[in-house]
Amino acid sequence: MTIDYDAKMPETQDGTEVYNVDPLIVKSHYEIDYIHSYAQDSEFFRALGKKKLMGSKCRKCGYTYATPRGHCMMCGSETDWYELPNEGRVHTYTTCYFGSEKFLPETPFNLIMVEFEGVDSLFMARLIGADQEDIKIGMKVRAKFRRNLQISPTDVYFVPAKE
Amino acid sequence: MKHKGQNVYMVSGGVTKFSKATPEMDFRLRVKKAFDYAVNDIHLDLKDIDGSVASYFSDHFQRQLMSGIMVQDYLGLTPKPSKRIEGGGATGGLAFQTGYEEVASGRMDVCAVYGFETMSHVNTWKGNEFIALASDTNFDYPVGGFYTGYYAMMAVRHMHEFGTTVEQLAKVSIKNHGNAMHNPYAQSPMKLTVEDVRNSPMVSYPLTRLDVCTMSDGAAVAILASEDKAFELTDHPVLVKSIGTGTDTMRLSDRPFLKVPLLANEKESDYRNLKYPGVHSFRAGRTAAKEAYDAAGITDPLNEIDLVELHDAYTSSEVQTYEDLGLCRYGEGGSFVEEGKSALNGKVPVNPSGGLLASGHPVGATGIMQSVFMFWQLQHSIKKHFKDDTLQVKNAKRGLIHSHAGTGTYVTVSVMEAVR
Ligand SMILES: [Zn+2]
């Protein structure tokens, strides 16, 4: 028999941080590691390690994407990987002076949408080596690749290119 | 697209004052306050309500799954049917349309649509991170996930394509914050000048702090009813004449460069050299407007719509949306606001309530808030609810509400009409 009329929960010191008492506001912590698969887009990330930027081309209608896309949004057919040019032009841009918490330490940073000759869609990336006032729509930019990969789309970034 | 359901009316609405943080109330109590306001306004009995739709965007903000049922429970609506609707910034608009469908289909005679968001549980920059998780987390978020950054890139392209200026964008901020001075529910009423807007801190070029809406806590409720029930419940129901919804690619980079889907008042020759939508326009907004206009028989939106409440999360997106809705041609959005056409006393007042920029944007509540403000406008009861009739649009007979998600990924347009 295990009935214990004096049972007592052990006391701990892992209490809660309190910000306010009326109303009662406390700190609530949350953290998690995911087991994330890039699945059918894996080749894009592997190719960045070989200093190659891979887009997708529709087998049936020939529509070309500057992004990885297993199936074509125009006709629903499968796409094939193909290598994008190393140089493109700025389709549009911004400089972020604030950002999401994760990227706040990196501000200010430039975001651009790159257009590649003969490719039907755009690619979003960071641009370094230029300040906000240096960036112009139509400006030529060149892809560069990290040597130590982060296995993230930031393994490719762009710098200004000579005309 | 066929619209063959029964007529749907809005019969009541309620909104809590949106604010940066209201820790003394949780989301259930906030919805309860908006709900009781709506219920009391027409002396509705709980047993008259057949079911509901719950509208909220992010599970991250509260770290509580199934928040919807907790509201249903708190309001005393269990065991009636209910479901949760989610679609980013357009969550409220989508939920309103789902409520419409519940009634139009004949399933329910009275449907309560309630929306809420509690964004104050995390700081503003963490909140921005949560919102950025509504961009593709493999390709867009890691590059610098920040919605203001995405909209800034669209604004830069709009300026390049059409000559839109930052001063024109500032006019949207001045108008909406100014209107909000007469809206007691608004979070940030302000009297501003172009200099104030341009001199406020740059968030993402060209958008400054005053070009961007804020994080909010808030709730809103719309009660929808069938024709028989509507006139039983109130002498002043408002007809939900038609709905339209559009979508677009998750990644901004995948937007195609095609031809403009024309409205009845446009010609192909208007846009000979325009590649559409690219990143300067919202194809989902145009698609939603086209569906809603076709169903309502609207062929000349500027002259057939008396006022608009649209999703101005950014000043630039208000300008882009004038064009998607066909209030002016593509490219004319900047001059449309500059010439005062969207002002309170203009040709078609846009965001007389102050919009998201000044009323606030508690995501799941926002689209429903728009329906409530539009309902009061079309009932001509702004004075009763605002204790001030400055914002009452005098000739308000037909209004349009517009809710918008992501970089223009889901957009809803609903047309509402006064019946007497
Ligand atoms: Zn194809």
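At-a-glance table
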quantity: Relative contact order [Cα under 8 Å, 6+ residues apart], the range A:40-160, whole percent; calculated: 24
quantity: Chain A: calculated mean residue ellipticity at 222 nm from DSSP helix runs of at least 4, using -39500 (n - 2.57); calculated: -1000 deg cm²/dmol
quantity: Solvent-accessible area per residue, Å², over the range A:103-157 with all protein chains present [probe radius 1.4 Å]; calculated: 48
quantity: Nearby aspartates and glutamates by direct alpha-carbon distance to B:K384 (threshold 13 angstrom, same-chain neighbours under 8 apart not counted); calculated: B:D41
quantity: Share of carbon and sulfur in the accessible heavy-atom surface of the range B:303-357 [1.4 Å probe, %]; calculated: 37
quantity: Computed over chain B: relative contact order in percent, which uses C-alpha pairs under 8 Å that are six or more apart; calculated: 26
quantity: Of all DSSP beta bridges in the protein assembly as shown, antiparallel share, percent nearest 5; calculated: 85
quantity: Dipole of the protein assembly as shown [Lys/Arg +1, Asp/Glu -1 at C-beta], most positive-end residue of B:V122, B:Q187, B:G408; calculated: B:G408
quantity: Given A:K27/B:K33; B:K83/B:K275; A:K102/A:K136; B:K20/B:K83, the pairs whose alpha carbons are separated by over 29 Å; calculated: B:K83/B:K275
quantity: Per-residue average of Cβ from other chains inside 10 Å of B:147-153; calculated: 6
quantity: Total charge dipole magnitude, the protein assembly as shown, about the Cα centre, Cβ charges on Lys, Arg, Asp, Glu only, Debye to nearest 20; calculated: 1240
quantity: Averaged over B:198-204, number of beta-carbon atoms from partner chains that fall within 10 Å; calculated: 4
quantity: Positive minus negative residues near A:K140 (Lys, Arg vs Asp, Glu; Cβ under 13 Å); calculated: -1
quantity: Inter-chain Cβ neighbour average for residues B:246-254, partner chain, 10 Å; calculated: 4
quantity: ³J(HN,Hα), Karplus 6.51/-1.76/1.60, whole Hz, each residue of the range B:321-326, x for Gly, Pro; calculated: 6, 3, 6, 4, 7, x
quantity: Cross-link reach list, aspartates and glutamates versus A:K50, counting only Cα pairs under 17 Å and skipping chain neighbours closer than eight places; calculated: A:D41, A:E83, A:E87, A:D155
quantity: Sorted peptide list for B:188-194, B:408-414, criterion being average Cβ within 10 angstrom, highest first; calculated: B:408-414, B:188-194
quantity: For chain B, calculated [θ]222 nm from helices alone, where every DSSP H run of n ≥ 4 adds -39500 (n - 2.57); calculated: -10500 deg cm²/dmol
quantity: Point-charge dipole on Cβ atoms (K/R +1, D/E -1) for the range A:40-160, about Cα centre, debye to 20; calculated: 380
quantity: Simple Cβ-charge dipole of the range B:19-116, Lys/Arg +1 and Asp/Glu -1, about Cα centre, in debye nearest 20; calculated: 300
quantity: Set of aspartates and glutamates near B:K80 by C-alpha distance (under 20 Å), chain-local residues within fewer than 8 positions excluded; calculated: B:D36, B:D45, B:D48, B:D50, B:E101, B:E102, B:D109
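The values are calculated or read from the model by the stated rules, or taken from the named source; none is laboratory data. Remember, it's a predicted structure, so these values are computed and weren't measured experimentally. FYI the Cβ positions are ideal-geometry reconstructions off the backbone, even for glycines, and counts take in every protein chain you see. The area values use the complete protein model at the heavy-atom level, side chains included, leaving out ligands, DNA and RNA. Shrake-Rupley method; radii C 1.70, N 1.55, O 1.52, S 1.80 Å.
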